[in-house]
Amino acid sequence: MRTRRAALLALAAVMAAGFARAEEPVAASVSATRSPGDSSQIATPAGRRLLTRIAALESDAVAHLTGAKTSSFNELNRRLAELRHDVDAEALAAAEKTELSARLDVLDQLLARAAALAGKSERLDPKLESVMRRAAARAPAGQPPVDSLEAVAAQLVAAASAKDPASANRVFDNMRAELGAGAAASLQQVQKDFAAREPIVFTPPGAKGTNAYRRRVRTSVPALNASKHQPVRAAATASGSSLADAARAAYAPIRQGLPDGQTQAFLAKRQELLTALD
């Protein structure tokens, strides 16, 4: 009885904890679930070194997009490409490669969207930098700002590429609700800027036709069908040493391809059989 009672008490405690978690406020959708120290699968020294480099790139990307430290999209993308190469080339466990690649994918999406918003410039408009600063400031504790920035950048690109004002307005309404009153003034200015220009065209990294897509797709050349693509070879003859026999053997397939080739082949075979009977 005591054992059963203890089990029931433990079950009640688990259920109470579950209800308590269910009643906790849900974080704004601009945040993701990954934390800066989320490296449960990174155990090897090589993996830890790569993780440190990725974290440094994340920090520099956030600093650039918020105006805290100026870099350039070219420089950040160069470092991103180097890290992708090193992650692919390093002898890591599959779980390590998956986790590191996932972090690089977030950076890839963020930088691509930010570059689309910046147009021909190497940095964002100050009004957009203000929105990004607000997103970074509202990132939940323990989670990297890069995730919040990537989500906001996705919404900004959706608004900038919208072909009708109603769709863009809905996106801005969502961002106001997520980022709070501190971002209201900047978002209003950005909304006016977007409304005054043509929608942008954005192709996300990894879409068909992009370099990222080509990196992921491993193409292989199928083996040629020997019956269709191999050159016709002369059949071996009994003697194998007669030049005339070899010439006839090489000529036979060509001769059969002529309009009367089938007939001539039949007649030749018939004559061969008749000669053998004599």
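The values are calculated or read from the model by the stated rules, or taken from the named source; none is laboratory data. Treat the numbers as computed from the prediction; the structure is a model and nothing was measured. So basically every Cβ, Gly included, is an ideal-geometry build from the backbone, and we count neighbours across all protein chains shown.
From Glu75, Glu82, Glu24, grab the single residue that is at pLDDT below 55 and either surrounded by fewer than 13 Cβ atoms within 10 Å (Cβ to Cβ) or outside any helix (DSSP H, G or I) (or both).
Checking each option against the conditions leaves just Glu24.
Scan Ala56, Ala68, Ala63 and give me the residue that is modelled with pLDDT of 90 or more, within 30 Å of Ala153 (Cβ to Cβ) and loosely packed, with under 13 Cβ neighbours inside 10 Å.
Exactly one of Ala56, Ala68, Ala63 is modelled with pLDDT of 90 or more, within 30 Å of Ala153 (Cβ to Cβ) and loosely packed, with under 13 Cβ neighbours inside 10 Å, namely Ala56.
Can you tell me how many residues within region 104-135 are crowded, with 20+ Cβ neighbours inside 10 Å and of a type in the set (D, E, K, R)?
So the count comes out to 4.
Within region 136-145, is there a residue that is crowded, with 23+ Cβ neighbours inside 10 Å and either in contact (Cβ under 8 Å) with a residue 24 or more places away in the chain or of a type outside the set (Phe, Trp, Tyr) (or both)?
Yes: region 136-145 contains one or more residues that are crowded, with 23+ Cβ neighbours inside 10 Å and either in contact (Cβ under 8 Å) with a residue 24 or more places away in the chain or of a type outside the set (Phe, Trp, Tyr) (or both).
How many of the residues in region 46-76 are more than 15 Å from Leu104 (Cβ to Cβ), touching a Leu at 6+ places or on another chain (Cβ under 9 Å) and free of Cβ contacts under 8 Å to residues at least 60 places away in the same chain?
Qualifying residue count for the region: 3.
Report yes if Leu124 is touching a Leu at 6+ places or on another chain (Cβ under 7 Å) and within 13 Å of His64 (Cβ to Cβ), otherwise no.
So Leu124 passes the test.
Can you pull out every residue in region 129-151 that is more than 15 Å from Ser59 (Cβ to Cβ) and among the acidic types (Asp, Glu)?
Matches in region 129-151: Glu129 only.
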